[in-house]
Amino acid sequence: MLAASLCPTWVLAGGAIPDETLATPPGIRIKFTYFGDPRVNIQPPRRVFADASNLPLYVRDRAPSGKPTCAGEDETLWHRALAPAGARPLGQWSLVRCNDGAMQWAFRSHAVYSYAKDKGFVPSPVHPFSGQRNMSPYDRANGQGLEDGAWQALVVGPDPAFVTPPGIGVSEVGSASGQALVDDAGHTLYVFQGSGAIGHDWIPLVAPMLATNRLGRFSVQVRPDGLSQWAVDQAPLYRYRRDYFAGDANGNSSDTRFRVALLMRYFMPAGISIRQDEIRGGVLMTEAGHRTLYAQDFLYIDSWGGQNARGKRGSPAAGEELGVAGCVDGCLQTWHPLKAPDKATATGDWAIYVRPDGSKQWAYQGFALYTYNDDGPDQLNGQDVYNISVPLSTSDVPVARNFGTYWRAASVSAWAPGGYREKADEEAHQ
């Protein structure tokens, strides 16, 4: 059992963060994980906060807010999420000073832990025909719901106390790198912060006639044309006509008077931004030179023909398996690693890989990032460059691991799992 001297004695509260709240402080990651066994209960994976080792993080939510939560817990199962030296509070992340002098992370005033029976990395299963590497059903938050539901994994999302009116929700908007307000069809919502005429591509978010005038941060404004329009923090809400899919944020580059209604902003390394792309849903690029960033992925068969322009790809675990080994020696004449500073640390969706020469390289959602030698500013010449491997034996066909790799633009559209069931069934019968 944990000794009383390890219990937190006080909490340092984080201050306000400009441009909405940053989702993660340095060293806190974001990962996909299942709750329960997807082979039994088919549920999509959830996005959760994780520690630097990629282990899901938990709070014991029945403990009083702001009070010690470690007394009486099993230290062999629940490990304190310790903050690195020099860590500072950030948004809803705070620091707990324990009596042994260690600093522990707290989220929304609850001390944070990892669970000993979780795994930070689980190899991705390979679909026996298509070759797509998907998320393993064994990548689970095993501590979720223990002690009759007292332990809860930290799901990435806004504060549950944040209330939205009917027809307005909160969802991950990859093209805006964060969690944002969306309408009932999942389209990104924007706030207008300016004056003057507004183009026809901007559609006001109309409020019903009987809508409550004020609901938390939301209010109803009457427009000059007589329509009632929802507003948040007194800023009117709109959607953009040229956002074609849920998660698009093409309006970000259309009119500087509009910005995505972000509630939680994801980490982005210095010098990296998102180029809005109506085809691919947003692509990572360098701010210097506007060079597109690419990821090398395992080759697979797409039943619709070719790779999916929206970034259909292997799971983050597949990217971790590949690491930087797929581009060494001659490959580096064409593809240039996106180097990370020596002191950089894994944060949010961004991980750090160490190359054979000892340099650090950024990876996004598991996949190491590169620029392409033959690209100019805002070009995509490296998309769908294939490195096909030919099996040496007919017995290897159609074993997908022998197909090779291909290069794709690093899309920020949401990754979706699939194809794990066949591999799971195969393993279950071995």
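Looking at the range 336-387 only, could you name the residues that are of a type in the set (Phe, Trp, Tyr) and either under 15 Å from the mean Cα position of the chain (by Cα) or at pLDDT 95 or above (or both)?
The answer is Trp350, Tyr353, Trp362, Tyr364, Phe367, Tyr370, Tyr372.
For Ala270, only one of the following conditions fails: (1) under 22 Å from Thr21 (Cβ atoms); (2) crowded, with 19+ Cβ neighbours inside 10 Å. What is its number?
(2)
Limited to the range 264-278, what total is found for residues that are β-branched (Val, Ile, Thr) and within 15 Å of the chain's Cα centre (by Cα)?
Narrowing the range 264-278 to residues β-branched (Val, Ile, Thr): 272, 274.
The next check asks that each one be within 15 Å of the chain's Cα centre (by Cα); those that pass are 274.
Going through the range 264-278 one residue at a time, the tally reaches 1.
Residues that are within 21 Å of Ile30 (Cβ to Cβ), among the hydrophobic types (A, V, I, L, M, F, W, C) and not assigned by TED's automatic domain parsing to the domain that holds Val59: does the range 181-190 have at least one? Talk me through it step by step, then tell me what you get.
Restricting attention to the range 181-190, the residues satisfying the condition of being within 21 Å of Ile30 (Cβ to Cβ) are 181-182, 186, 188.
Filter once more, so that each one left must be among the hydrophobic types (A, V, I, L, M, F, W, C): 181-182.
Applying the additional criterion that residues be not assigned by TED's automatic domain parsing to the domain that holds Val59 yields 181-182.
Checked against the condition, which is being within 21 Å of Ile30 (Cβ to Cβ), among the hydrophobic types (A, V, I, L, M, F, W, C) and not assigned by TED's automatic domain parsing to the domain that holds Val59, the range 181-190 yields at least one hit.
Sort through Ala102, Ala111, Ala153, Ala106 and tell me the only one that's of a type in the set (A, V, I, L, M) and out of contact with any Lys or Arg (no Cβ under 8 Å at 6 or more places or on another chain). I'd like the intermediate steps shown before the answer.
Working: Ala102 fails: out of contact with any Lys or Arg (no Cβ under 8 Å at 6 or more places or on another chain); Ala111 fails: out of contact with any Lys or Arg (no Cβ under 8 Å at 6 or more places or on another chain); Ala153 fails: out of contact with any Lys or Arg (no Cβ under 8 Å at 6 or more places or on another chain).
Going through Ala102, Ala111, Ala153, Ala106 in turn, the sole match is Ala106.
Those residues that are assigned to a strand (DSSP E or B) and farther than 14 Å from Ile203 by Cα, I need them from the range 158-192; list them, please.
Result: Ile168, Gly169, Val170, Ser171, Glu172, Val173, Gly178, Gln179, Ala180, Leu181.
Would you be able to say whether some residue in the range 211-224 is touching a residue at least 60 places away in the same chain (Cβ under 8 Å) and closer than 13 Å to Leu263 by Cα?
no
For the range 88-157, give me every one of the strands (runs of 3 or more DSSP E) that falls completely inside it and has 1 or more residues that are in contact with a helix residue (DSSP H, G or I) (Cβ under 6 Å, 6 or more places away or on another chain).
Details: elements: 93-98, 103-107, 113-115, 151-153.
Output list reads 93-98.
Taking strands (runs of 3 or more DSSP E) that fall entirely within the range 214-263, which contain at least 2 residues that are β-branched (Val, Ile, Thr) and either within 24 Å of the chain's Cα centre (by Cα) or at pLDDT 90 or above (or both)? Can you show your working first?
Details: elements: 218-222, 228-232, 235-240, 258-260.
It comes to 218-222.
The values are calculated or read from the model by the stated rules, or taken from the named source; none is laboratory data. Remember, it's a predicted structure, so these values are computed and weren't measured experimentally. Virtual Cβ from ideal backbone geometry, glycine too; neighbours counted across all protein chains shown.
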